[in-house]
Amino acid sequence: MKRFFFIAVAGVFAAMCASGCKKEEEPKATVPVTEISTTLQNAELTFTSVKISGSVTSDGGEAVTARGLCWGTQSNPTIADSKMDALTDAFTLDIDQLLANTTYYFRAFATNAQGTGYGNEFVISTPGLAGTKWDFTLIHSETISWHADVSFNSDGTTVYDEPEYPGAYLTNGTWLLSGNALQYDLDASDDPATDDKKYQFTGMLSGNTMAGTYTFGEENKSWTATLVP
């Protein structure tokens, strides 16, 4: 009887020892965890670009092999959409070549051997030209150029005025933005039937600037413009 008791106690002790001495299992690796820290209030946004900060907050237990931002015009973008890689786990990326007047969805991503993890979604819309005013520089030759203030109205019309001669050259026009390509038509003639004083501006929007060429009769000239705050 005593022998049986000691055998039972020894068995229980051995089981407890095996249970207590058993090495804890290491947590399984997962995909990394990321986040975007930029907000609508602190985003550096232009008509065609935005600066966004993000970070990898957890590597998931394995080495991170890629990280950065992905974006698109639909919710929940992935690395199969547009993306930019970062070199470090804490990063700020300047995303350019965006389209004006367009809503974009951004997510930070990071990849390890387990796959790719995505963070919170950041949604922002690039501005449009409607309701803005620009300082145009019209370059006629190497020695002749002048400034004009051009307002772009939401109904597709424009108002042109030269600050050196307020009201003297006040002229209406029309505008159309297709992607980031601008077409701005200005009719400075008193007789709409004549073409000798019609200007057509074509150019591209980039950041908070524009540039292109304008036609005056059969001549092509250059112009640049900057946004008036």
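The values are calculated or read from the model by the stated rules, or taken from the named source; none is laboratory data. Small disclaimer: the values here were computed from a predicted structure and weren't measured. As a convention, Cβ positions derive from the backbone with ideal geometry for all residues, glycine included, and neighbour counts pool all protein chains shown.
Residues of the stretch 117-142 that are modelled with pLDDT of 95 or more and assigned to a loop (DSSP other than H, G, I, E, B): Thr126, Pro127, Gly128, Leu129, Ala130, Gly131.
Of the residues making up the stretch 166-189, those that are in a loop (DSSP other than H, G, I, E, B) and either among the aliphatic types (A, V, I, L, M) or not assigned by TED's automatic domain parsing to the domain that holds Phe136 (or both) are Ala168, Leu170, Ala188. Where residues in the stretch 51-70 are in contact with a Ser or Thr (Cβ under 8 Å, 6 or more places away or on another chain) and surrounded by 22 or more Cβ atoms within 10 Å (Cβ to Cβ), which of them is farthest from Ser206 (Cα to Cα)? Restricting to residues being in contact with a Ser or Thr (Cβ under 8 Å, 6 or more places away or on another chain) and surrounded by 22 or more Cβ atoms within 10 Å (Cβ to Cβ), the top hit is Val56.
Cβ-Cβ contacts under 9 Å between residues 6 or more apart (or on different chains), taken from a first residue in the stretch 73-102 that is more than 22 Å from Asn180 (Cα to Cα) to a second residue that is in a loop (DSSP other than H, G, I, E, B) and of a type in the set (Asp, Glu), are listed as Asp89/Asp59. Looking across Pro163, Pro192, one residue alone is modelled with pLDDT of 95 or more, loosely packed, with under 14 Cβ neighbours inside 10 Å and not in a strand (DSSP E or B). It is Pro163. Within the stretch 100-110, one or more residues are among the β-branched types (Val, Ile, Thr), touching a strand residue (DSSP E or B) at 6+ places or on another chain (Cβ under 9 Å) and surrounded by fewer than 15 Cβ atoms within 10 Å (Cβ to Cβ). Quick check on Gly128: is it surrounded by 14 or more Cβ atoms within 10 Å (Cβ to Cβ) and either over 30 Å from Val33 (Cβ atoms) or of a type in the set (S, T, N, Q) (or both)? In short, yes. If we scan the stretch 94-112, do we find a residue that is aliphatic (A, V, I, L, M), part of a strand (DSSP E or B) and under 11 Å from the mean Cα position of the chain (by Cα)? Yes, the conditions are met somewhere in the stretch 94-112.
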